[in-house]
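Novice: Got a structure for you, written out below as structure tokens; questions coming shortly.
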Amino acid sequence: MAQETTKLWRKHHLTYDQTKQVVAQARRALQLSAPRTRRRTVERLDRGEVTALIDAAYRRSSRHGLMVKTLFYTGARVSEFVHIQATDLHLRLDPPQIYLAHAKGGSDGYVPIVPALAQELQTHLGGRRRGYVFESNRGDKYTPRYIQLVVHDAATRAGIAKQVTPHRLRASVATILLDAGMPLDHVQKFLRHKRIATTQIYAETSLHGLGETYIQALTDASRGYTGATLPKYRPSLP
């Protein structure tokens, strides 16, 4: 059809402006409208919702709480999270770090975590140096579906109306870090994105919530914020 249209336009020696008019008239005749611009933002949880989610998971069980907290603080994809082994934890480094393997597109890498989480993970392992960090009663790794159900259960217990998934936790930590002033390229490295354009989607979400963040920041400053402390990012990772 494109070749036939080209021949027709050449036959009538249409100029660029004339072709634009023909296309516009054809669209009107066919009642075609331009598609809506896709909103390149990612839904996320705010700090208060993240805190409520983690607290609700801990009320269910200490294991569930630690799983949800680790999932959030590492920004791990659920497919990476279920494969974390005891040997992937480097808790004595400064800052403590976790190596995430089995990553999408071969984007394996280290991510920093806060010392308090490192201490919890160390207590959880209880001296165990082998196997998956989070294991079922049979000593197997959990499935991604099981982790999704754990997150969903915590969200229900916390009374969060949004659909909460492991990926939404990844989006949430990314935008919270951006709101806190972390440079975009550092967030890219934290999330292990190969293209900064992918990380830019989270930056647009962060800017979208600028008014909310502004109000929250001033409110917190007046009464003292007691929410979770995010890790201080250090760009030099092994």
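Novice: Step by step: first the residues of segment 118-176, then only those that are within 30 Å of Thr205 (Cα to Cα) and among the basic types (Lys, Arg), then the one that is surrounded by the most Cβ atoms within 10 Å (Cβ to Cβ). Which residue is that?
Specialist: My answer is Arg170.
Novice: Go through the residues of segment 33-46 one by one and say whether even a single one is among the aliphatic types (A, V, I, L, M), out of contact with any Gly (no Cβ under 9 Å at 6 or more places or on another chain), at pLDDT below 75 and exposed (fewer than 14 other Cβ atoms within 10 Å of the Cβ).
Specialist: yes
Novice: Return the only residue of Tyr132, Tyr142, Tyr202 being in contact (Cβ under 8 Å) with a residue 40 or more places away in the chain and over 28 Å from Arg60 (Cβ atoms).
Specialist: Just a single option satisfies the conditions, and that option is Tyr202.
Novice: With respect to Ala52, determine if the residue is aliphatic (A, V, I, L, M), touching a His at 6+ places or on another chain (Cβ under 8 Å) and either free of Cβ contacts under 8 Å to residues at least 24 places away in the same chain or within 18 Å of Ile147 (Cα to Cα) (or both).
Specialist: Spelling it out, it is not the case that Ala52 is aliphatic (A, V, I, L, M), touching a His at 6+ places or on another chain (Cβ under 8 Å) and either free of Cβ contacts under 8 Å to residues at least 24 places away in the same chain or within 18 Å of Ile147 (Cα to Cα) (or both).
Novice: Would a scan of segment 177-197 turn up a residue that is outside any helix (DSSP H, G or I), charged (D, E, K, R) and either at pLDDT 90 or above or in contact with a Gly (Cβ under 7 Å, 6 or more places away or on another chain) (or both)?
Specialist: yes
Novice: Also, quick follow-up: Identify, please: which residue in segment 8-27 is among the charged types (D, E, K, R) and surrounded by 10 or more Cβ atoms within 10 Å (Cβ to Cβ) and is, among those, modelled with the lowest pLDDT?
Specialist: Step by step, filter segment 8-27, then rank; the result is Lys20.
Novice: Modelled with pLDDT of 90 or more and either more than 28 Å from Gln97 (Cβ to Cβ) or not in a helix (DSSP H, G or I) (or both), is that true of His152?
Specialist: Judged against the criteria, His152 is a match.
Novice: Could you tell me which numbered condition Ser61 fails, if it satisfies all but one of (1) among the hydroxyl-bearing types (Ser, Thr, Tyr); (2) under 27 Å from Thr143 (Cβ atoms); (3) modelled with pLDDT under 95?
Specialist: Failed condition: (3).
Novice: Moving on to the next point. Can you tell me which of (1) at pLDDT below 95; (2) crowded, with 17+ Cβ neighbours inside 10 Å; (3) not basic (Lys, Arg) is the one Leu93 doesn't meet?
Specialist: If we test Leu93 against (1) at pLDDT below 95; (2) crowded, with 17+ Cβ neighbours inside 10 Å; (3) not basic (Lys, Arg), just (2) comes out false.
The values are calculated or read from the model by the stated rules, or taken from the named source; none is laboratory data. Note that the coordinates shown come from a computational prediction; the quantities given were computed from them, not determined experimentally. Here Cβ is always computed from backbone atoms with ideal geometry, including for glycine, and neighbour counts include all displayed protein chains.
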